[in-house]
């Protein structure tokens with residue numbers, strides 16, 4: 001199976017301007033993400049997809065493969081599909097450009113669910129209790145075959161009788177077959193997607209199953225200065241072998 005990772009990156013972030021080039025522990029965030037993906041022996045290529053000349057030039061200077069994409073792309077998924085039109089693969093892995101704690105283990109777990117008949121995969125990890133009410137932390141529930149039933153910013157499922165239930169955090173790593181990428185970009189924005197502001201719900205509303213793999217490795221998606229500080233502290237504490 002030929003798998004490539006595509007890292008969508010843009011400068012126009014409202015909460016943390018110039019986010020991909022933000023220095024974290026002495027290295028630009030996009031470089032942390034690229035290095036993590038490139039460490040996976042399961043990937044044939046890693047490509048940054050951007051519409052910003054500054055990111056493009058930075059990546060080239062660092063020896064990172066990069067593709068310039070259209071300003072018309074509405075989302076990172078659209079950006080990935082544009083690259084997929086010219087780079088052939090069996091599976092395209094979406095590694096978000098604001099995930100500097102990405103690891104090769106995330107890639108391995110994700111590709112592990114992409115067997116025959118699986119068109120979209122993603123990741124989950126046990127949810128910390130303090131994050132249950134945080135709308136910036138997305139939750140996921142699955143069926144017995146580990147297919148996503150729903151994603152939400154609210155804590156799901158609701159433990160009405162207090163019987164005890166493990167909640168799961170959704171991690172924003174995806175794997176797609178080309179046909180699913182094409183479908184996603186062809187479909188209009190879906191109702192629940194618009195309500196929750198979660199684009200993966202477009203797949204579920206259109207009947208495409210998303211298979212969910214488990215990982216013990218949580219991440220911190222960087223959206224604020226406080227997130228930068230959290231990531232720097234975690235990177236500092238990581239063992240040298242990691």
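Worth pointing out:
- Candidates 149, 167 - the one that is over 24 Å from residue 36 (Cβ atoms), crowded, with 19+ Cβ neighbours inside 10 Å and without any contact (Cβ under 8 Å) to a residue 60 or more places away in the chain: 167
- Hits in region 1-50 - residues which are within 22 Å of residue 119 (Cα to Cα), touching a residue at least 60 places away in the same chain (Cβ under 8 Å) and crowded, with 20+ Cβ neighbours inside 10 Å: 4, 5, 6, 7, 8, 37, 40, 43
- Every condition in (1) in contact with a helix residue (DSSP H, G or I) (Cβ under 8 Å, 6 or more places away or on another chain); (2) free of Cβ contacts under 8 Å to residues at least 40 places away in the same chain holds for residue 61 except the one numbered (1).
- If you go through region 119-131 and keep only what is surrounded by 15 or more Cβ atoms within 10 Å (Cβ to Cβ) and in a loop (DSSP other than H, G, I, E, B), you end up with 119, 127.
- Hey, residue 178 surrounded by 19 or more Cβ atoms within 10 Å (Cβ to Cβ) and modelled with pLDDT of 95 or more or not: no
- Options 179, 209; residue that is farther than 20 Å from residue 95 by Cβ, part of a loop (DSSP other than H, G, I, E, B) and touching a residue at least 60 places away in the same chain (Cβ under 8 Å): 209
The values are calculated or read from the model by the stated rules, or taken from the named source; none is laboratory data. Just so it is clear, the model here is predicted, and its values are computed rather than measured. Cβ atoms come from the backbone with ideal geometry, glycine included; neighbour counts cover every protein chain shown.
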